[in-house]
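Novice: Handing you a structure now.
Please treat every number below as a calculation from the coordinates, not as lab data. All values reported here derive from a predicted model rather than from experimental measurement. Note: ideal-geometry Cβ built from the backbone for every residue, glycine included; neighbour counts use all protein chains shown.
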Amino acid sequence: MADAETGTEPDAPRTEESRSVLVGSFRRAYADTESRLLKSYVVVSLFLGGLLALLLLLALPVWVLNTAGGSELATFSRAFLIVGGVLLLVALVAPVVSAGRRHARGTGNTRADVSLALSGYVFVLSLYVSLLISAPPDQREAPPALVAPIVEFLYSLPATYAVAPPLVAAALVLVVHHFAE
């Protein structure tokens with residue numbers, strides 16, 4: 001007879017599962033994959049996600065104080081900081097969650113894990129490209145000779161173009177999630 005609270009047999013051993021989809025997915029994606037690339041992305045996304053969340057938490061009070069007493073546009077910009085930050089975090093952890101859920105269903109494989117990890121790394125690179133495009137002119141440094149033409153081209157783009165690389169990379173993550181086998 002099944003236990004009324006948990007839905008399991010009374011004598012069945014209980015496994016320690018996280019109640020959080022996010023924590024469980026990170027744990028499962030790291031433990032169940034054979035792909036070293038996905039394992040490395042799990043660590044990188046965990047670190048960068050924590051850093052991004054911390055920066056958003058620290059930026060929010062400053063942004064609120066700088067826009068306090070302003071127009072409706074200032075209020076909208078505060079909301080955009082939160083929404084934009086959450087969207088960045090979602091796109092950053094989406095490959096890990098996708099891989100973790102695939103492994104939980106028993107449909108995970110190395111090829112899909114590698115594809116998801118590569119799409120995640122492309123997203124991280126797109127964030128860096130976005131930072132290069134939006135860098136203020138007084139903060140720009142001379143790039144190494146090997147990548148100078150690329151960096152100079154990115155510096156020459158208008159700052160409003162900085163949103164394009166993360167949007168394209170997030171769309172790539174979504175496509176890879178959908179088509180990964």
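Novice: What ranking do Thr107, Thr33 get, fewest neighbouring Cβ atoms within 10 angstrom at the top?
Specialist: Working: Thr107 11, Thr33 26.
Ascending Cβ contact count within 10 Å gives the list Thr107, Thr33.
Novice: Further question on the same structure: If each residue of separation counts as 0.36 nm, what is the full-extension length gain between Ser134 and Ala104 once their alpha-carbon separation is subtracted?
Specialist: Numbers: separation 30, 0.36 × 30 = 10.80 nm, distance 3.96 nm.
Working it through step by step, the gained length comes to 6.8 nm.
Novice: Here's a follow-up. How much length is gained if the chain between Val23 and Ser40 is pulled fully straight, taking 0.36 nm per residue apart and subtracting their Cα-Cα distance, in nm to one decimal?
Specialist: Taking 0.36 nm per residue and subtracting the Cα distance, the gain is 4.5 nm.
Novice: If you don't mind, another one. GNM, the chain, Cα, under 10 Å: largest mean-square fluctuation among Glu34, Glu152, Glu141?
Specialist: Top of the fluctuation ranking is Glu141.
Novice: What number, rounded to the nearest 500 deg cm²/dmol, is the helix-based mean residue ellipticity at 222 nm of the chain, given -39500 (n - 2.57) per DSSP H run of at least four residues and division by all its residues? Write down the numbers at each step before the final one.
Specialist: Details: 6 runs with 128 residues, N = 181.
That calculation yields -24500 deg cm²/dmol at 222 nm.
Novice: Scan the chain and note any complete DSSP helix (H) whose C-alpha atoms cover at least 27 Å along its axis and whose Kyte-Doolittle average is 1.0 or more. Before the final figure, lay out the partial values.
Specialist: Values: long enough: 36-67 (45 Å, 1.81); 72-105 (46 Å, 1.15); 110-134 (36 Å, 1.39).
In the chain, the long hydrophobic H runs are 36-67, 72-105, 110-134.
Novice: Assign one of three labels to the range 21-179, namely rounded, prolate or oblate, based on the Cα gyration tensor with a ≥ b ≥ c the square roots of its eigenvalues; rounded applies when a/c is under 1.5, prolate when it is not and a/b is larger than b/c, and oblate otherwise.
Specialist: It comes out oblate by the Cα gyration axes.
Novice: Specify the residue with the greatest mean-square fluctuation among Ala29, Ala145, Ala135, computed from a Gaussian network of the chain linking alpha-carbon atoms under 10 Å apart.
Specialist: Judging by the Gaussian network model, the answer is Ala145.
Novice: Can you give the charge dipole size of the chain about its Cα centre, rounded to the nearest 20 debye, using +1 on the beta carbon of Lys and Arg and -1 on the beta carbon of Asp and Glu?
Specialist: So the dipole magnitude of the chain works out to roughly 240 debye.
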